[in-house]
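A short worksheet on the structure shown next.
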């Protein structure tokens, strides 16, 4: 009896994952590229049966010229880079990564929250300019400092990352409101309408996927509903927030500040309005909330687990 042909595995953007990636425990060939452009995909995936992608888009027009492709393993939780409908119609399995960033993303969100709530960037800039040496007492109070204890956080998205953020918030003594679609994923959770969450929260933290329904879910109207002392935190997806509306809200003082780890287009192109902001109440980090050493290794291990499970005929973590 002839042995099955080796799987042809191609990793399209290996440089996006700073972790050790073990090779699958089945007969295969392995090809990896640091980055891949869309125009290179037909050639690079021409013989592939399994493609690994983090952020390289795999749309229908590309997939239709790849008849041997049987699986796409997404090296991330979000899978909006893949044409899932096409894959479903053409028997291409799509897997993603689950529950790998349950600590690192909530911790990053709270790093942004605490820095903004206490105006750390503004005070650091003052110290660097010599302001402390100019005062006639032991400290100065040029910027408001607000406690987290006793304040309200509105968490949009009640998945594992939203729940992880809620646990940290509760440890700070914050009141937690969740906005999401029913039913709740955790016991004892009650949902609050988004409009009410926006109005009552001192901090809004976004933890939902980017879908047609959630794109630009926070625009100027929603920003106007927020407290003028409130913060907006986005460690999820850039397209959830209308970026030009956010710039307007910050410049007009409609909200007190914002902390973002994501942009609508990544890597950002010249002209993105958030890149041009030079305000101490706005923090932008380069999509690294997920990227602790431990989280990346967990991701890399689960990535190969997903591929091995598919080849063994027991696929897991499928999104199609």
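The values are calculated or read from the model by the stated rules, or taken from the named source; none is laboratory data. All of these numbers come straight from a predicted model, not from anything done at the bench. When we count neighbours, we look across all protein chains shown, and the Cβ atoms used for this are built from the backbone with ideal geometry, even at glycine.
When you go through 307, 283 one by one, which is the residue that is assigned to a strand (DSSP E or B) and at pLDDT 95 or above?
Numbers: 307 fails: assigned to a strand (DSSP E or B).
Criteria check complete, one pass: 283.
Residue 265 passes every criterion in (1) touching a helix residue (DSSP H, G or I) at 6+ places or on another chain (Cβ under 9 Å); (2) modelled with pLDDT of 95 or more; (3) closer than 17 Å to residue 78 by Cβ apart from (2).
Taken over the stretch 280-320, the criterion of being buried (at least 16 other Cβ atoms within 10 Å of the Cβ), over 30 Å from residue 263 (Cβ atoms) and in contact with a helix residue (DSSP H, G or I) (Cβ under 9 Å, 6 or more places away or on another chain) is satisfied by 315 alone.
Sort through 182, 166 and tell me the only one that's touching a strand residue (DSSP E or B) at 6+ places or on another chain (Cβ under 8 Å), closer than 29 Å to residue 98 by Cβ, crowded, with 18+ Cβ neighbours inside 10 Å and without any contact (Cβ under 8 Å) to a residue 24 or more places away in the chain.
Residue meeting the stated conditions: 166.
Given the criteria in a helix (DSSP H, G or I) and either crowded, with 22+ Cβ neighbours inside 10 Å or without any contact (Cβ under 8 Å) to a residue 60 or more places away in the chain (or both), does residue 112 qualify? Lay out the reasoning, then the answer.
Numbers: in a helix (DSSP H, G or I): yes; either crowded, with 22+ Cβ neighbours inside 10 Å or without any contact (Cβ under 8 Å) to a residue 60 or more places away in the chain (or both): yes.
Against the criterion (in a helix (DSSP H, G or I) and either crowded, with 22+ Cβ neighbours inside 10 Å or without any contact (Cβ under 8 Å) to a residue 60 or more places away in the chain (or both)), residue 112 qualifies.
When each of 51, 101, 73 is tested for being surrounded by 18 or more Cβ atoms within 10 Å (Cβ to Cβ), outside any loop (DSSP other than H, G, I, E, B) and in contact with a helix residue (DSSP H, G or I) (Cβ under 8 Å, 6 or more places away or on another chain), the lone residue that passes is 73. Of the residues making up the stretch 24-48, those that are touching a strand residue (DSSP E or B) at 6+ places or on another chain (Cβ under 9 Å), part of a loop (DSSP other than H, G, I, E, B) and free of Cβ contacts under 8 Å to residues at least 24 places away in the same chain number 1. Out of 94, 127, 84, one residue alone is at pLDDT 95 or above and surrounded by 18 or more Cβ atoms within 10 Å (Cβ to Cβ). It is 94. Does the stretch 76-92 include one or more residues that are touching a residue at least 40 places away in the same chain (Cβ under 8 Å), touching a helix residue (DSSP H, G or I) at 6+ places or on another chain (Cβ under 9 Å) and assigned to a helix (DSSP H, G or I)? Yes: the stretch 76-92 contains one or more residues that are touching a residue at least 40 places away in the same chain (Cβ under 8 Å), touching a helix residue (DSSP H, G or I) at 6+ places or on another chain (Cβ under 9 Å) and assigned to a helix (DSSP H, G or I).
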